[in-house]
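So that we are looking at the same thing, I have put the structure below in structure tokens.
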Amino acid sequence: MATLQAAFRRTYAAAGGGTSTTAAADAFFRARASLGWLMRAMNDLRSGSGVADSAQQSHIELAKDAFGLRS
């Protein structure tokens, strides 16, 4: 994770974002992988092509609550 975050910071600086990132940008970077997994899991489950075990389903339900994604 540290290697990926260092690459993110270098790219951020090269794109004109300055020499350091903000706390919010760092938090987003850390959350991005989890959010990506959550979106893929939810899309797979919605389409019927995915199966979640009980631990994964529990995490999905917690995330739905946290993000207000209940339908």
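Assuming residue 65 fulfils every condition listed in (1) modelled with pLDDT of 80 or more; (2) surrounded by 12 or more Cβ atoms within 10 Å (Cβ to Cβ) apart from one, which condition is it?
(2)
What are the residues in region 19-48 that are over 17 Å from the mean Cα position of the chain (by Cα), surrounded by 11 or more Cβ atoms within 10 Å (Cβ to Cβ), without any contact (Cβ under 8 Å) to a residue 12 or more places away in the chain and over 19 Å from residue 3 (Cα atoms), if any?
none
Taking residue 13 and the conditions (1) among the hydrophobic types (A, V, I, L, M, F, W, C); (2) part of a helix (DSSP H, G or I); (3) surrounded by fewer than 13 Cβ atoms within 10 Å (Cβ to Cβ), which numbered condition does it fall short on, given that it satisfies the others?
Of the numbered conditions (1) among the hydrophobic types (A, V, I, L, M, F, W, C); (2) part of a helix (DSSP H, G or I); (3) surrounded by fewer than 13 Cβ atoms within 10 Å (Cβ to Cβ), the odd one out for residue 13 is (3).
Let me ask something additional. What number of residues in region 20-44 are part of a helix (DSSP H, G or I), at pLDDT below 80 and of a type in the set (S, T, N, Q)?
So the answer is 1.
The values are calculated or read from the model by the stated rules, or taken from the named source; none is laboratory data. As the structure is a prediction and not an experimental result, all values here were calculated from the model. Cβ coordinates were reconstructed from backbone atoms using ideal geometry, including for glycine residues, and neighbour counts include every protein chain displayed.
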